[in-house]
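The values are calculated or read from the model by the stated rules, or taken from the named source; none is laboratory data. None of the values given here were measured: they were computed from a predicted structure. Note: ideal-geometry Cβ built from the backbone for every residue, glycine included; neighbour counts use all protein chains shown.
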Amino acid sequence: MKAHNFVYDMAVELADSFATAGISDHDNTLVQVYTTSPKRNHIEAILNEIRSILPSAVIVGATTSASVFNGEIREDATVISVCQFDTTLVSVAHAICDANDAGDFRELGRELAELPSDADTRLLFCYAACPRLNAEELAKGLTDNLQDIVLTGCLATGPRSGTEAFVMLETEILSSAIVLVALSGEELFADLVHSSDWMMLGTTMEITAAEGNLVETINDRPARDIYARYLGEEACREFATTCIRFPMLTERDGTIVARLARDAHADGSIESWGNIYPGESVRFGIPSPAAAMEDFNGMLEKLQEQPCDALFVFPSQVRMYLMRSLTQDEISQLQSHAPTTGMFTLGQFFYLPGQGSYLHYAETTLAITEDPDKDRDPSSYTIQNPFSQDTLEMRAVSRLVTTTARELEEANRSLEKLANTDALTGIYNRHKGQLQLEQEFRRAQRYGRPLSLIMMDLDNFKRINDSYGHHIGDEALIHVANSIAPLIRETDYFARWGGEEFLIICPETEITGTSELAERLRIAVAAKPAIHDVTVTLSIGVTAYHAEDTQEKLLSRVDQALYLSKKQGKNRVTTWD
């Protein structure tokens with residue numbers, strides 16, 4: 001395999017450049033074009049010239065705001081990457097999208113992947129330009145039936161603010177399409193890595209209504225209002241150009257996932273390039289050069305040991321604006337290892353066998369070779385300090401922000417604990433219990449999910465206080481809290497509701513299961529040894545949410561069930577459905 005990169009120059013014959021590099025026409029050749037030109041006629045002229053020189057090659061490409069060429073960032077250039085494979089087969093397919101329709105992109109991905117791939121497919125390159133694209137669903141579809149492959153590529157971007165994004169196939173320029181290249185061959189080796197570019201900042205919020213890549217509400221408020229609150233109304237008026245710097249972050253399977261919003265709708269909803277699910281916790285993200293540098297050093301160490309013939313790097317747009325010196329330092333170091341090219345993007349396709357990731361917004365790097373077993377002398381490639389002074393200063397600022405944010409979060413957590421915790425028992429106080437009840441009630445109401453309540457009252461509490469003193473009464477309350485807390489689920493909420501009253505909120509639980517839990521709790525408390533000759537027992541009421549309920553009705557019903565337990569002799573459970 002041989003890889004060569006070129007910057008298109010109208011004053012230099014492209015045929016001469018190809019000939020000098022030893023490039024000849026062959027159907028095992030992949031040409032990728034990354035251009036910052038918004039002019040169709042200029043792009044068409046380049047594609048036609050390449051096709052005239054290499055009539056058998058597969059030609060694909062995309063527009064971008066900046067391209068990567070042999071260790072440099074180019075903001076006003078067309079970069080041409082030519083990979084000539086020895087044994088790897090190159091095939092291509094494409095699909096035209098409806099620019100105004102958010103269709104079934106997962107099914108489209110499945111259908112598209114069937115066209116160019118075969119049993120020996122090792123790598124898929126995907127480039128997409130589609131205004132309503134759900135890139136995550138597309139990536140899932142592409143890999144549903146090809147789970148042993150590597151998927152890379154990215155989203156095309158407009159070269160300038162307000163210009164249209166294109167993808168290229170052969171000599172065609174497509175404004176709403178997906179282009180897929182399959183590389184097949186037993187000798188092809190591909191390794192894909194991504195950078196952790198983000199740190200979470202600000203308050204944790206919950207996605208309260210969303211479908212696919214459309215987020216309707218966050219914390220039960222229109223999603224756009226949340227963006228306006230944290231980023232400012234002026235930023236939201238220039239949504240597509242400003243908000244790309246501040247994605248929403250969520251954690252999935254221990255990995256931070258960035259979801260970039262691309263559009264704000266009149267109804268206050270926000271559309272992104274990938275899915276965000278109801279119930280996910282999200283925070284805004286800001287770039288973290290310290291995290292990115294740590295990941296990059298790890299990748300360099302890996303590249304020292306693993307041969308490769310070509311590197312493709314796809315940095316996010318935010319790196320263009322806020323981490324340019326870091327990105328420049330990284331690609332310069334990569335170029336010393338292998339010919340390096342790529343483009344800045346609004347999102348990268350990312351899939352490796354065994355990893356549940358499909359879409360990133362950071363930086364991805366692909367290493368490919370047809371000879372992964374060839375010897376490599378580690379002494380010929382040494383890592384010194386690949387980062388410039390500007391990047392090191394950026395890391396210092398990043399660390400300052402990170403440390404300050406962490407200290408503020410720790411202080412806020414302490415304050416939140418004081419505000420939400422009952423000082424005597426250590427469980428939630430009534431204020432926090434009410435907040436959680438409101439949240440779970442809204443969820444049950446919105447999605448028709450089950451919700452049950454348990455209300456408990458410590459029997460004969462006044463007599464305990466009067467006969468033994470308030471300190472024994474306090475011990476009895478602590479005794480109840482300590483007995484119950486280990487027996488309920490992590491998803492349940494346990495709060496001290498009043499003087500001797502406790503409330504347990506049980507989401508996703510039908511009344512039968514809640515009644516059984518209440519009986520176990522009653523038995524567990526009564527079975528504990530007496531406190532200063534005082535046996536502690538509980539009267540308990542249980543009820544469940546109904547569609548016609550208000551919170552007041554729900555609480556009133558569980559309170560009435562508790563009252564019946566008291567009236568009928570105490571130390572018992574009454575269920576009122």
_Of the conditions (1) surrounded by fewer than 22 Cβ atoms within 10 Å (Cβ to Cβ); (2) at pLDDT 90 or above, GLY354 satisfies every one except a single condition; which number is it?_
(2)
*asked:* ASP27 - would you say it is in contact (Cβ under 8 Å) with a residue 40 or more places away in the chain, in a loop (DSSP other than H, G, I, E, B) and not polar (S, T, N, Q)?
replied: yes
_Suppose the filter is crowded, with 18+ Cβ neighbours inside 10 Å, modelled with pLDDT of 95 or more and of a type in the set (Gly, Ala, Ser); does SER56 pass it?_
no
*Scan the stretch 475-518 for residues that are in a loop (DSSP other than H, G, I, E, B) and over 20 Å from ALA530 (Cβ atoms) and jot them down.*
ILE488, ARG489, GLU490, THR491, ASP492, TRP497, GLY498, GLY499, GLU508, THR509, GLU510
*Among (1) farther than 30 Å from PRO307 by Cβ; (2) in the same structural domain as ALA139 (by TED's automatic domain parsing); (3) touching an Asp or Glu at 6+ places or on another chain (Cβ under 9 Å); (4) not aromatic (Phe, Trp, Tyr) - the single one ASN213 does not satisfy*: (2)
*Please determine, by comparing only the residues of the stretch 6-36 that are buried (at least 18 other Cβ atoms within 10 Å of the Cβ) and out of contact with any helix residue (DSSP H, G or I) (no Cβ under 9 Å at 6 or more places or on another chain), which one is nearest to ASP76 (Cα to Cα).*
THR36
*asked:* Just to be sure I understand the filter: pairs with C-beta atoms under 8 Å, separated by 6 or more residues or on different chains, first member in the stretch 207-224 and without any contact (Cβ under 8 Å) to a residue 60 or more places away in the chain, second member crowded, with 23+ Cβ neighbours inside 10 Å and not in a strand (DSSP E or B). Which pairs pass?
replied: GLU216/ALA223; THR217/ALA223
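Which of the residues that make up the stretch 487-539 are of a type in the set (Lys, Arg) and closer than 19 Å to LEU554 by Cα? Walk me through how you get there before you give the answer.
Residues of the stretch 487-539 that are of a type in the set (Lys, Arg), as a first pass: 489, 496, 520, 522, 528.
Listed by number, the list holds a single entry, ARG496.
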*Return the residue satisfying two criteria in turn: it lies in the stretch 336-351 and is over 23 Å from TRP273 (Cα atoms) and touching a strand residue (DSSP E or B) at 6+ places or on another chain (Cβ under 8 Å), and of such residues it is surrounded by the most Cβ atoms within 10 Å (Cβ to Cβ).*
THR341
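Tell me, which helices (runs of 4 or more DSSP H) wholly within the stretch 284-351 include 1 or more residues that are among the aromatic types (Phe, Trp, Tyr)? Don't jump to the end; show me each part of the working.
Values: elements: 289-305, 317-322, 324-335.
Per the criteria, 289-305, 317-322.
Suppose we filter the stretch 495-513 for residues that are farther than 18 Å from ARG443 by Cα and crowded, with 20+ Cβ neighbours inside 10 Å; how many remain? Break it down into steps so the answer makes sense when it comes.
Filtering the stretch 495-513 for residues farther than 18 Å from ARG443 by Cα gives 495-503, 512-513.
Then keep just the ones that are crowded, with 20+ Cβ neighbours inside 10 Å; that gives 495-497, 500, 502-503.
Residues flagged as farther than 18 Å from ARG443 by Cα and crowded, with 20+ Cβ neighbours inside 10 Å within the stretch 495-513 amount to 6.
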*Taking the residues in the stretch 150-191 that are modelled with pLDDT of 95 or more and of a type in the set (D, E, K, R) as candidates, determine which candidate is surrounded by the fewest Cβ atoms within 10 Å (Cβ to Cβ).*
GLU172
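Return yes or no: is ASP492 surrounded by 18 or more Cβ atoms within 10 Å (Cβ to Cβ), farther than 22 Å from ALA544 by Cα and not assigned by TED's automatic domain parsing to the domain that holds GLU330? Steps first, please.
On the way: surrounded by 18 or more Cβ atoms within 10 Å (Cβ to Cβ): yes; farther than 22 Å from ALA544 by Cα: no; not assigned by TED's automatic domain parsing to the domain that holds GLU330: yes.
No, not satisfied.
Only one residue in GLY254, GLY298, GLY274, GLY268 is surrounded by fewer than 16 Cβ atoms within 10 Å (Cβ to Cβ) and outside the structural domain of ASP329 (by TED's automatic domain parsing). Which one? Give the steps one after another, and end with the answer.
Working: GLY298 fails: outside the structural domain of ASP329 (by TED's automatic domain parsing); GLY274 fails: surrounded by fewer than 16 Cβ atoms within 10 Å (Cβ to Cβ); GLY268 fails: surrounded by fewer than 16 Cβ atoms within 10 Å (Cβ to Cβ).
After ruling out the rest, the residue left standing is GLY254.
Tell me which residues, restricted to the stretch 425-474, are part of a helix (DSSP H, G or I) and among the aliphatic types (A, V, I, L, M).
Within the stretch 425-474, the first condition is being part of a helix (DSSP H, G or I), and the residues that meet it are 430-447, 461-468, 470-474.
Residues satisfying the conditions are LEU435, LEU437, ALA444, ILE464, ILE472.
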